[in-house]
Amino acid sequence: MTDVAGLRVGHATRSGEGWLTGTTVVLAPEGGAVAAVDVRGGGPGTKETDALDPRNVVQRVEAVVLTGGSAYGLDAASGVMAWLEERQRGVRVGPDPAHVVPVVPAACVFDLGRGGDFRARPDAASGRAAVEAAAASAPGAPVPQGCVGAGTGAVAGAVKGGVGSASTVLDSGITVAALVVANAAGAVLDPETGVLYGELFQGRVEYPEERVHEAARRRLAETAAGNGLPPLNTTLAVVATDARLSKAQAQKLAGTAHDGIARAVRPVHLLHDGDTVFALSTEARPLDASPFAFNEILAAGADLVTRAIVRAVRAAGPVAGPGGVWPSYEELYGAL
C-alpha cells in the first residue's frame, strides 16, 4: 500500500490477557485523497460511507480506518478524528483554519471474544495509536502483515487470517496497491487439494503432497469442531492508486476490486459477511483519456486484492487460546 507515494499505514495491536484484536489506519497525504466505497456483504459495520457517494459533498478524506471489535470497534475512528482535528486536517467548515470536520470512513470485522474476553475491543485510543504509528512511519516503509492491526483476530475460513498488502506499477507508470483484512466466513483453501484459491489465479501452483493435505484436513476438522459455531466474518480492503480519479471512477474501482475477494474466498459476500472495499486516489499522476487506461487500473485492483488475501493468510501465525484455536496455513502446509 505504501508504494503509492504519500500513503502511510499504521497498526495498533492488542493480544494476550483476553485480547485478540486491533486497528489499522491508512493515512492519506495532507489535503486528503479522493475516496469511494463499495459494500457487498450482508452484515456490514461501517461509518461515514454515505459521505463517499459521488453525489455527495465530501470529495477527499484524510484517513480510512479498518478495525476489529465489530460495531463497537468503530469507536476507533473517533481517535483518528481527534488526531486529525488537532492538525487542522479535514473538511473546512468555518473561517478559522481550526474549523474542520475530519471525515474518517471506517469499517469493522467481527472478532469479538476470540481472545477470550468479549469486551476486549478497539476504542478511540486504539485509533489514535494506529494513526500515530502511520504518521511516524517512513515514507514507503513496508507494511507489517499477518496478525497485526485489524487482522490480529481475523479468521479466514478454518485457518488464521490477517492483514496482507500488494502493489504493482503499470506500464503507464501508474501505481496500484491493495491492503486487506482477510476475515472471511468462506474458505480460502480448496478442501480437495489444500491449495489457496487465490493462488490459482497467479500462474503455476505447487500442490501439497497427499499425506500433508490429509493431515491438514484432519487438523482443521478437529479444530472446527472444537471451536463450535462458525464465526461471523468480514473481509475488508483498501485499493489505492496515484492515478487522478474522480469519485465516480474511484467507486468503480472499489466495486471491481470485490472480484479479487471472490477469486480468493468461496463463497463470498454472504449474509453474515460485511465485505467492504474502499478506493483511494492521491491524484499524483494524470490518467490517459482512453478508457483502456482506466480498465488497466480496474483489472489491477482486483488482481492485487487477490494477492493481498494470499499474503495475509500466508503471513498469519497460529492462535490457540481461550477464545478458540485457529491453525495457520503455513503451519499446516509448511512443507510448501
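The values are calculated or read from the model by the stated rules, or taken from the named source; none is laboratory data. Owing to the predicted nature of the structure, the values given are computational and were not obtained by experimental measurement. Backbone-built Cβ (ideal geometry, glycine too); neighbour counts: all protein chains shown. In case anyone asks, the SASA skips ligands and DNA or RNA and just uses the protein heavy atoms, side chains included. Shrake-Rupley method; radii C 1.70, N 1.55, O 1.52, S 1.80 Å.
Tabulated data
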{"quantity": "Residue within the range 141-153 that is within 12 Å of residue 13 (Cα to Cα), open to solvent by 20 Å² or more (accessible area, probe 1.4 Å), of a type in the set (Val, Ile, Thr) and modelled with pLDDT of 95 or more present", "calculated": "yes"}
{"quantity": "Sole exception among (1) touching a Leu at 6+ places or on another chain (Cβ under 8 Å); (2) buried (at least 24 other Cβ atoms within 10 Å of the Cβ) for residue 254, by number", "calculated": "(1)"}
{"quantity": "Residues satisfying the stated conditions in the range 59-81, i.e. closer than 14 Å to residue 280 by Cα, modelled with pLDDT of 95 or more and part of a loop (DSSP other than H, G, I, E, B)", "calculated": "62"}
{"quantity": "Qualifying residue in the range 157-171 (condition: under 18 Å from residue 330 (Cα atoms), open to solvent by 30 Å² or more (accessible area, probe 1.4 Å) and touching a Gly at 6+ places or on another chain (Cβ under 8 Å))", "calculated": "no"}
{"quantity": "Near pairs, Cβ below 7 angstrom, 6+ apart or cross-chain, from the range 192-209 (in contact (Cβ under 8 Å) with a residue 24 or more places away in the chain) to any residue that is of a type in the set (Asp, Glu) and assigned to a loop (DSSP other than H, G, I, E, B)", "calculated": "197/190"}
{"quantity": "Qualifying residue in the range 218-234 (condition: crowded, with 22+ Cβ neighbours inside 10 Å and either out of contact with any Phe, Trp or Tyr (no Cβ under 8 Å at 6 or more places or on another chain) or part of a helix (DSSP H, G or I) (or both))", "calculated": "no"}
{"quantity": "Count of residues meeting criterion [crowded, with 24+ Cβ neighbours inside 10 Å, of a type in the set (Gly, Ala, Ser) and outside any strand (DSSP E or B)] in the range 1-43", "calculated": "2"}
{"quantity": "Subset of the range 87-144 [small (Gly, Ala, Ser) and in a loop (DSSP other than H, G, I, E, B)]", "calculated": "90, 94, 98, 113, 115, 116, 120, 137, 138, 140, 141"}
{"quantity": "Residue 317, sole failed condition from (1) assigned to a helix (DSSP H, G or I); (2) modelled with pLDDT of 95 or more; (3) surrounded by fewer than 20 Cβ atoms within 10 Å (Cβ to Cβ)", "calculated": "(1)"}
{"quantity": "Matching residues in the range 320-336 - criterion: being in a loop (DSSP other than H, G, I, E, B) and either hydrophobic (A, V, I, L, M, F, W, C) or open to solvent by less than 10 Å² (accessible area, probe 1.4 Å) (or both)", "calculated": "327, 328, 333, 335, 336"}
{"quantity": "Residue 91 hydrophobic (A, V, I, L, M, F, W, C), in contact with a Pro (Cβ under 8 Å, 6 or more places away or on another chain) and buried (at least 22 other Cβ atoms within 10 Å of the Cβ)", "calculated": "no"}
{"quantity": "The range 171-191 residues that are in contact (Cβ under 8 Å) with a residue 40 or more places away in the chain and in a strand (DSSP E or B), paired with ones that are among the charged types (D, E, K, R) and open to solvent by less than 20 Å² (accessible area, probe 1.4 Å) (beta carbon under 6 Å, 6 or more apart)", "calculated": "175/242"}
{"quantity": "Complete set of residues in the range 192-213 that are open to solvent by less than 60 Å² (accessible area, probe 1.4 Å) and not in a loop (DSSP other than H, G, I, E, B)", "calculated": "196, 197, 198, 199, 212, 213"}
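This table checks each residue for (1) touching a residue at least 12 places away in the same chain (Cβ under 8 Å); (2) of a type outside the set (Lys, Arg); (3) touching a His at 6+ places or on another chain (Cβ under 7 Å).
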{"residue": "256", "(1), (2), (3)": "yes, yes, no"}
{"residue": "280", "(1), (2), (3)": "yes, yes, no"}
{"residue": "285", "(1), (2), (3)": "yes, no, no"}
{"residue": "289", "(1), (2), (3)": "no, yes, no"}
{"residue": "293", "(1), (2), (3)": "yes, yes, no"}
{"residue": "314", "(1), (2), (3)": "yes, no, no"}
{"residue": "318", "(1), (2), (3)": "yes, yes, no"}
{"residue": "324", "(1), (2), (3)": "yes, yes, no"}
{"residue": "333", "(1), (2), (3)": "yes, yes, no"}
